[in-house]
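Here is the structure we will look at.
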Amino acid sequence: MSGAQAKAAVICGCVGVFAEVSGDALWKRHAQGWLVEVASDLDALISRIRKFRRERKAVSIGYVGNVVDVWERLVLEYETSGDLLVELGSDQTSCHNPFLGGYCPVQLTYDESRSMMHDDPEKFKDLVQQSLRQQVAAINKLAAAGMHFWDYGNAFLLEASRAGADILKEGGSSTRSRFRYPSYVEDIMGDIFSLGFGPFRWVCASADPADLDVTDAIATSVLEELLNTDVADVVKEQYTDNMRWIKEAGRHQMVVGSQARILYSDQKGRIAIALAFNTAVANGKLKGPVVLSRDHHDVSGTDSPFRETANVYDGSALCADMAVQNVIGDSFRGATWVALHNGGGVGWGEVTNGGFGLLLDGSEDAAKRARTMLAWDVSNGVARRAWSGNNNAEDSVRRAMADDTALHVTMPHHVTDKSVLEAALSRR
Ligand SMILES: NC(=O)c1ccc[n+]([C@@H]2O[C@H](COP(=O)([O-])OP(=O)(O)OC[C@H]3O[C@@H](n4cnc5c(N)ncnc54)[C@H](O)[C@@H]3O)[C@@H](O)[C@H]2O)c1
């Protein structure tokens, strides 16, 4: 299990509950400080949830066991006491790979599941699908009682639908409206990829925590400067949220291995931060070079109709050419390395992802590469979203062209006769 959600729950002021079938994985996250406390049976878990809700205390509680048991116990609590103990819910099993270790069915222990997936894969698949149906039945009851559920980006809705779970929306047909529950891209993150915002990240090659502190401070001052320029309100909101994050990130001790940081940023912010880091490497303020990168879960890097491109509504969400074109463009424009792969997050055949690394060694050349490559790496996906009819993306492209007169993006022609659009939508 990843510990990020446990930290996020506490940062956001929630009582967060995280079920994990592997005791080793759970205790490791606890020892690393990502998880505040651990409950090893359901009675203890429920009494801790009730206590912290009463005290309105932000905390993360790990439960060693199967998540299906937790969902079903939450249903029982609701049915017997009328108390809905969960307002927000999602699933974070590795459902992109459900039959080879990503999902442990409720009928088996963790160890039994590890053996059966190899010894009797057919039976294992049956149990996984049965468990998914059982899990969805419990989730549906809690959702009917008022819980808000969304797909975490792990192909849970997709796999549950393949298992025959009651997860499809009546009358829904496209990727947009197929399921009862939304994808987190549409529901939680909003339209940020159209604004060019995505998880930009960097690693301090010196491996020195002091260097990471310096980069946090540099990124904060760059965002402060950008906030004082003439930026659209919708962009200002993003800078303000992300400034809050980067100011607090150090104190939440998120680093496990590399001295690395993620900061959601747009094209302007990414380039300004990269240039400021490069200057700091050149003048010795940073002890070593910085490697820039980003998550594949970003504006231009990924074609995935169930995640990153779930909100591209013109039918092109099912194409995989943006990720390929993007990685090639990055390589021409100065990336130190690029990678193109398949399956990230939602599974093989469902997604194409591209990524890059860009070394900032303090040289003039590195600054030039950062300017040209990062501009492409963001504008490419924003342009694609503009062509699909997204107004935020169209505004972002216009702003990018005003900032950089060398950038020419063909602008889309809008349908003026609304009846044509209505006819197209009614066919979905
Ligand atoms: N939305 C995003 O930005 C985003 C980011 C990272 C990962 N993901 C996706 O989320 C999923 C999880 O990612 P991860 O890095 O935490 O993976 P992970 O494999 O480290 O963790 C998943 C955990 O689920 C546990 N598990 C499996 N079945 C269970 C069950 N029935 N009950 C309780 N625990 C169970 C496994 O033991 C495992 O430790 C993946 O599909 C990944 O692609 C999404």
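The values are calculated or read from the model by the stated rules, or taken from the named source; none is laboratory data. Note that the structure is a prediction, hence the values are computed from the model and not measured. As a convention, Cβ positions derive from the backbone with ideal geometry for all residues, glycine included, and neighbour counts pool all protein chains shown. Heavy atoms of the whole protein, side chains included, go into the accessibility calculation; ligands, DNA and RNA do not. Shrake-Rupley method; radii C 1.70, N 1.55, O 1.52, S 1.80 Å.
Of the solvent-accessible surface of the chain, computed with a 1.4 Å probe and all protein chains present, 52% belongs to carbon and sulfur. Database remark: amide H of V15 closer than 5 angstrom to the amide H of V59 (H placed geometrically; neighbours at sequence offset of 5 or more, or on other chains; Pro and chain starts carry no H).
The gain in end-to-end length when the R50 to M401 segment is fully stretched comes to 121.0 nm, 0.36 nm per residue minus the alpha carbon separation. For segment 195-403, the relative contact order works out to 25 percent when only alpha carbon pairs closer than 8 Å and six or more residues apart are counted. Only beta bridges with both residues in segment 4-189 are counted; by DSSP, about 10 percent of them are antiparallel. Centre-to-centre separation between the Cα atoms of segment 324-342 and those of segment 377-393: 19 Å. Only lysines eight or more places from K418 in sequence, or on another chain, were considered; those with a Cα closer than 30 Å are K169. For the chain, DSSP calls about 65 percent of its internal beta bridges antiparallel. Separation of segment 210-283 and segment 395-428, taken as the distance between their Cα centroids, equals 31 angstrom. Each label point was placed 7 Å from the Cα along the Cα-to-Cβ direction; for S363 and L88 their separation is 4.5 nm.
Annotation: for a label point projected 7 angstrom from Cα along Cα→Cβ of R114, residues of segment 25-41 with backbone N closer than 12 Å are 25. Taking 0.36 nm per residue of separation and subtracting the Cα-Cα distance, full extension of the segment from D166 to E237 would add 21.8 nm. With a/c under 1.5 counting as rounded, go ahead and sort segment 158-248 into rounded, prolate or oblate using the C-alpha gyration tensor (a ≥ b ≥ c being the square roots of the eigenvalues; past the cut-off, prolate if a/b is larger than b/c, else oblate). Oblate, since a/c reaches 1.5 and b/c is not below a/b. What shape does segment 218-266 have by the C-alpha gyration tensor, where a ≥ b ≥ c are the square roots of the eigenvalues, rounded means a/c under 1.5, and otherwise prolate means a/b greater than b/c and oblate the rest? It comes out prolate by the Cα gyration axes. The mean sequence distance of close C-alpha pairs (under 8 Å, at least 6 residues apart), as a share of the length of the chain, puts its relative contact order at 12 percent. Projecting the alpha carbon convex hull of segment 320-381 along each direction and taking the average yields 4.1 nm². Classified by the C-alpha gyration tensor, segment 4-189 has an oblate form. Its axis ratio a/c, with a ≥ b ≥ c, is 1.5 or above, and a/b does not exceed b/c.
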